[in-house]
Amino acid sequence: MNKKQPNAMISLLIISIIAISTSAILAKWTDASPSVLSMYRLWFTCLWMLPIVLKRKSELKALEKSHYKSFALGGLMLAIHFILWYGSLVFTSVASSTIILALQPLVAMILGYFVFKERTSIHSKICMIIAIIGVFLIGFGDIGLSMTAFKGDILSFLSVIAAVLYLMVGQTTVKNTSHWVYSFWVFAFSAAFLTIYNLVTMDNFFHYESKDWLIFIASAIIPSLAHIINNYLLNYVNATTISMSILGEPVGASILAFFLLHEMLSTFQLIGGTIVIVSVFMYLIRQQKDVSSLQIETNNTTSA
């Protein structure tokens, strides 16, 4: 790693947060079902990625059977995540859904401990706790009390588990392939799974307004950029760090929902948003220092 990489990683994480914050807004603007929106989002993403991937012929030829198994597993987890999370937005608000989605760091930390035996520093744990408190404050005045909203909350929480499993599959696979090849094949498998699902459920494939098709395309370009960035960053950071950065999504999504969907923000949400931003910033700064320290130790060891 060169000295500019820690700063570059922080910049990419910020871009990822902004891009992913548009996902819920776009979903609220279409009448398509969660599975159809997910399917077209992923197929259109694969379409614009195809020319880039085809230029990496040597990487494609080097792929083995084990790679495709990982791609398929990651694609399945991503498909489940999209169906559950887009489904949650049918029943609950943007703020409620994205707030619950932001619990990914906690789930990632727990699963990371059991699956990868990852250790988390006290500083990181404190930042996580503070950020999660902020997330709950954001949604204090918005978490639905009705059974319909509660159903949406449950779907959003289940999507968190699927999202973390998707990231963990990527953590073990993307280091053996480029993020472009990995992202393309995972998206393609996920889109294929969703296509099969929509065929089985006999969902509407084609009869949509121009507005819906534009939303499908926009979803493929803007929020999908965040997934590609996250897959790339898995070369340098673990799944817990990626999930931690996603805590910024409820802040961005709530702000966009206020201006575009006229969803009001409470005082608690504004205070919680500030707490989330500060805690995420503290966590990322700590990650930068850890990477820099590791670089210095590596250089010293090499010199010795």
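Every number here is computed from the coordinates shown, using simple stated rules; none is lab data. On a predicted model such as this, the values are computed, not experimentally measured, just so you know. With ideal geometry, Cβ positions are generated from the backbone for all residues, glycine too; neighbour counts draw on all protein chains shown.
If the chain linking MET282 and LEU54 were pulled fully straight, counting 0.36 nm for each residue of separation and taking away their Cα-Cα distance, it would gain 78.1 nm. Of the complete DSSP H runs in the chain, those spanning 20 angstrom or more by Cα along the long axis with a mean Kyte-Doolittle score not below -1.0 are 5-20, 34-54, 65-91, 122-138, 147-173, 179-201, 210-233, 267-303. As a rough guide to protection, the peptides 253-265, 176-188, 217-229 ranked by mean Cβ packing within 10 Å, highest first, stand as 176-188, 217-229, 253-265. Of all segments of the chain bounded by trypsin sites (Lys or Arg not before Pro) found in a DSSP loop with no more than 14 other C-beta atoms within 10 Å, the longest spans 120-304. If you take the beta carbon distance between GLU118 and SER11 as r and set R0 to 25 Å, what does 1/(1 + (r/R0)^6) give as a FRET efficiency, to the nearest 0.05? Using R0 = 25 Å, I get an efficiency of 0.55.
Normalising the average separation of contacting C-alpha pairs (under 8 angstrom, six or more residues apart) by the number of residues puts the relative contact order of the range 5-303 at 39 percent.
Taking the three principal axes of the alpha carbon atoms in the range 124-233, the coordinate ranges are 41, 41, 25 Å, sorted in descending order. Taking all Cα pairs closer than 8 Å and separated by 6 or more residues, the relative contact order of the range 1-119 comes to 37 percent. Shape class for the range 12-155: oblate, because the ratio a/c of the largest to smallest gyration tensor axis (alpha-carbon atoms, square roots of eigenvalues) is 1.5 or more and b/c is at least a/b. Calculated translational diffusion coefficient of the range 59-105 (10 °C, 1.306 mPa s; Stokes-Einstein with Kirkwood radius over alpha-carbon pairs) equals 125 µm²/s.
The chain: D in µm²/s via Stokes-Einstein (Kirkwood Rh, Cα pairs, 10 °C, 1.306 mPa s)? Once the numbers are plugged in, D ends up at 80 µm²/s. The slack between ILE154 and PHE268, meaning 0.36 nm per residue of separation minus the straight C-alpha distance, is 38.8 nm.
If you take the alpha carbon atoms of the range 163-222 and fit the smallest convex hull around them, that volume is 107 Å³ per residue.
Summed over qualifying helices (DSSP H, 4 residues or more, each -39500 (n - 2.57)) and divided by its residue number, the chain shows a 222 nm mean residue ellipticity of -27000 deg cm²/dmol.
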